[in-house]
Amino acid sequence: MNHQKRNMSYDRALAKAMRYCSFQERCQLDLINRFIAWNVEKKNFDKILDVLIADDFLNEARYVEAFVRGKFKMKKWGKNKIKMGLISKRVYKESQFEQVFNEEIDEEEYLKTISELIEKKGHLIEETDEFKKRDKLYCYMLGKGYDSELILKELK
């Protein structure tokens, strides 16, 4: 049997997109992926995005703020990993990122988080050799997206 999926209408896709954006901040890439999953015609992608932006359902600056705040506070990601996350979502702009990062994340809180993560992970690593343990902590913190200078400073 040949089941061919029908394309979702413009009006239905717009209504679903508005509902989808009202739950949390979204970026254009999130919506495009949804449109593909919903089987929306490609010719309607831009029209729907334009309406969402005009009606303030979709706002890139708000998305970046929420992304930075959430990834740092909830997942304890460092600046580098957050930056890579924004690049993968195709919303990264260096000037905007630096401003948002400085507004959303206090420098003291950032350094305190590095200390807390190192201490917490240090208790979980079962390594007798102190150099190997430091190396594992260093690699862990790099993976979390923190700057190597800050990590080394805190490990001393």
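The values are calculated or read from the model by the stated rules, or taken from the named source; none is laboratory data. Bear in mind that the values here come from a model prediction, so they are computed numbers and not experimental data. Note that each Cβ is placed from the backbone with ideal geometry, even for glycine, and that neighbours are counted across all protein chains shown.
Looking only at the stretch 93-100, decide whether some residue is under 12 Å from Gln28 (Cα atoms) and not in a helix (DSSP H, G or I). Checking the stretch 93-100: not a single residue is under 12 Å from Gln28 (Cα atoms) and not in a helix (DSSP H, G or I). Would you check if there is a residue in the stretch 17-40 being surrounded by 12 or more Cβ atoms within 10 Å (Cβ to Cβ), more than 15 Å from the chain's Cα centre (by Cα), small (Gly, Ala, Ser) and on the phi < 0 side of the Ramachandran plot? Within the stretch 17-40 (the criterion being surrounded by 12 or more Cβ atoms within 10 Å (Cβ to Cβ), more than 15 Å from the chain's Cα centre (by Cα), small (Gly, Ala, Ser) and on the phi < 0 side of the Ramachandran plot), the answer is yes, since at least one residue qualifies. Considered as a group, the residues in the stretch 16-40 that are among the polar types (S, T, N, Q) and part of a loop (DSSP other than H, G, I, E, B) include one that is nearest to Phe67 (Cα to Cα), and that residue is Gln24.
Test Lys71 against the criterion of being in contact (Cβ under 8 Å) with a residue 60 or more places away in the chain and surrounded by 17 or more Cβ atoms within 10 Å (Cβ to Cβ), and give yes or no. No, not satisfied. Taking the criterion of being of a type in the set (Asp, Glu) and in contact (Cβ under 8 Å) with a residue 12 or more places away in the chain, the only residue of the stretch 104-115 that qualifies is Glu104. Got at least one residue in the stretch 8-18 being of a type in the set (Gly, Ala, Ser), under 30 Å from Lys112 (Cα atoms) and at pLDDT below 95? Scanning the stretch 8-18, I find no residue that is of a type in the set (Gly, Ala, Ser), under 30 Å from Lys112 (Cα atoms) and at pLDDT below 95, so the answer is no.
Report whether or not Ile87 is buried (at least 16 other Cβ atoms within 10 Å of the Cβ) and in a helix (DSSP H, G or I). In short, no.
Checking Glu103, Glu154 one by one, the residue that is among the charged types (D, E, K, R), at pLDDT below 95, in a helix (DSSP H, G or I) and under 22 Å from the mean Cα position of the chain (by Cα) is Glu103 and no other.
Name the residues in the stretch 117-135 that are part of a helix (DSSP H, G or I) and touching a residue at least 12 places away in the same chain (Cβ under 8 Å), would you? Show your work before the answer.
Going through the stretch 117-135, the residues part of a helix (DSSP H, G or I) turn out to be 117-124, 130-135.
Within the stretch 117-135, Leu117, Ile118, Lys121, Gly122, Arg134 qualify.
In the set Tyr138, Tyr110, only one residue is farther than 27 Å from Tyr63 by Cα and either of a type outside the set (D, E, K, R) or at pLDDT 95 or above (or both); that residue is Tyr138.
Can you name the number of the only condition in (1) at pLDDT below 95; (2) more than 21 Å from Arg19 (Cα to Cα); (3) crowded, with 18+ Cβ neighbours inside 10 Å that Val64 fails? Going through (1) at pLDDT below 95; (2) more than 21 Å from Arg19 (Cα to Cα); (3) crowded, with 18+ Cβ neighbours inside 10 Å one by one, Val64 breaks only (2).
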